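The values are calculated or read from the model by the stated rules, or taken from the named source; none is laboratory data. Predicted, not measured: the structure shown is a model, and the values here were computed from it. Positions of Cβ are generated from backbone atoms using ideal geometry, with glycine treated the same way; all protein chains shown enter the neighbour counts.
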Amino acid sequence: MAGSRHKQPLTRTALLCLACLAGTAQLPAREPARPARTESASGQFVVYSGDVSRRMSLARRAEEAGEEWSRRLPRESDPFPPVIIQDLTGSARPKGSPAAVSRIFEGDGGTQKVQLDIYEASVVASLAFETEVFRALALQEIYRKQNVRAGKAFRLPPAWLPEGLAEEMRVKTNGAPDGVYAAILRSERPPRIEEFFKAKPELMEATSLSIYRTQSQAMMMALEQLPEGPRGLSTFLESLAGGEPGMKTLLAAYPSLRNDPAQLSKLWTLSLARGSTAKRAQLLSLAETNRTLSAILNLSAPSDPKKPDSEIIKGGAALPLIARKEGGPFLMRQKAGELLSLEIRSHPLLKPIVEEYRNITTLLAAKPKKDVSKRLEEAGKIRELLAQRSGRVSDYLNWFEATKLDMPSGDFLNVTAPPQAPPRNDPVTNYLDAIEQRGW
C-alpha cells in the first residue's frame, strides 16, 4: 500500500544541496556593487575611478571645462558621445606614454569614442587636467564629421589651443601673470608667430612653458577679434582631420586674413601688449605667500622607494625622491610652473626662497638624480627663521594694538605752564638784542 511505502534514503548530492541552502539562508542580503563610474551633470563626460571623492571631483572639473569650451566654441544640436575619462593613477603606465593621453576609437555602429587616460596624480592635482580635457574635446571636434577607422593614426589638436584655454582659467583663479608679460616684451627681440606655431611645450622648462601658455592665451584672444569668431575656430579644427596644424591651415580657416596674413601676427602682439599693461596683481602678504608655498610643497614620499614601509619624507625634502620616480620630471615641471606664478606675487621677503625652490625643481626636472639636499636644507632653515621673526613682529603689533587706549586719558591737559624765566641783563644778551633790533 501507499501508506506503507518505505522512505528512500537521501543521496549525497541532495544532502549537499540542503546544506548549501541552509547556509545561504542565514546570510544577510547584500547590496549589489555599484559601478565605479560617475556621469557629469550634462552627460558630456563619464569618469571611471576607484576613488569616489576623486571621481566626483573630476566629473565636476570636467563639466566646468566643458562649459568654458562651449562658451568659446558653441556646439551644434547633434549630440556628441560622452568623453570617457579613466583615472589610472597608481597603475602601471605603458612605456613611453605621457602622464595623460587622449585617444579616439571607433565604437559600435561606427561612432567615435574619445578617451582620456590619466596615469599620474600630478595631472589631477593641477590645471593640467583641464588642459587634457580641452585636448580631448578638440580631438572630438576634429573628427566630428569624419570617421576614424580602427588601427588608423589620428591627429591631435595644436598644443596652443588647450594650453590657451587652460591659461585663461588659471588667470581667472590666480590673476594675470604680469611678470611673464613683461619678460616677453623686454626680450631681446619681439616674439615671432612662426616660432610660436612650431614650439613643443612638452620639452620646455618652467619659465619657457609659462611664457608659451601666456602666448597661447593671447592667440585665443586674437582669434576672438576676427570676424569669423567661433565658426573660424571650428572650421580650423575640422580641417585638421586631413591637414597639418600649422599657420597655413589656420589662415585658410579665417577668410578675413587672406588679404593681409600679417594681421594675425599684429593682433597676437597687441594681445600680449594689452595683457602687459593690465592692472598688476596685488602682492601676497607674508603669511599668504608662506601658506601658498606650503600647498605647492605638500608632497610625501618614502625615504627608500624599494621599501614602502620606510619613513615618509614630507614637504620640500621629498622633491628629489619624487623626481627619481617614473613621471617625476613631469611633476617637477608642473611644480616649477606653480612656483613661478607664486614668485611673481610673493612677498618680497619670501621671493628669494620661492625662487630657490623654483630653481631646484627646474634642475630636478632636467637632472632627477642631482643632489640638492643641502640647498633644500638651507632654504627650509631660512624660511623657518623668517616665519619665526614674522611671528614675533606680529605678536608685538598685536600687543601694541590691544594695549592702545581708545581715548586720551586727559592726565596732561590740566598741567600749568612753567613760570617765565627772569630777563637776562648780561653783555652777550644785550649785544644779541641790539643786533635783532637793527634787523641784522
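G242 fulfils the conditions (1) under 20 Å from the mean Cα position of the chain (by Cα); (2) within 20 Å of A138 (Cβ to Cβ); (3) exposed (fewer than 15 other Cβ atoms within 10 Å of the Cβ); (4) not charged (D, E, K, R) except for a single criterion, (1).
Summed over region 360-380, the residues that are of a type in the set (S, T, N, Q) and under 21 Å from the mean Cα position of the chain (by Cα) give a count of 2. Taken over region 240-260, the criterion of being in contact with a Leu (Cβ under 9 Å, 6 or more places away or on another chain) and within 21 Å of R144 (Cβ to Cβ) is satisfied by L240, P245, T249, L250, A253, Y254.
Out of region 54-72, which residues are more than 15 Å from the chain's Cα centre (by Cα) and within 18 Å of Q86 (Cα to Cα)?
Result: R54, R55, M56, A59, R60, E63, G66.
Candidates are the residues of region 206-237 that are farther than 28 Å from R333 by Cα and of a type in the set (D, E, K, R); the one that is farthest from the chain's Cα centre (by Cα) is E228.
Among the candidates R93, R75, R30, R34, the residue that is at pLDDT below 85, part of a loop (DSSP other than H, G, I, E, B) and touching a Gly at 6+ places or on another chain (Cβ under 9 Å) is uniquely R93. For region 102-112, the condition of being at pLDDT below 75, of a type in the set (S, T, Y) and in the same structural domain as M204 (by TED's automatic domain parsing) holds for none of the residues.
Being touching a Ser or Thr at 6+ places or on another chain (Cβ under 7 Å) and over 27 Å from L139 (Cβ atoms) holds for only one residue in L299, L270, L339, and it is L339.
When restricted to residues that are without any contact (Cβ under 8 Å) to a residue 60 or more places away in the chain and of a type outside the set (K, R), region 126-155 contains 11. The residue that is surrounded by the most Cβ atoms within 10 Å (Cβ to Cβ), among those in region 361-374 that are out of contact with any helix residue (DSSP H, G or I) (no Cβ under 6 Å at 6 or more places or on another chain) and free of Cβ contacts under 8 Å to residues at least 60 places away in the same chain, is L363.
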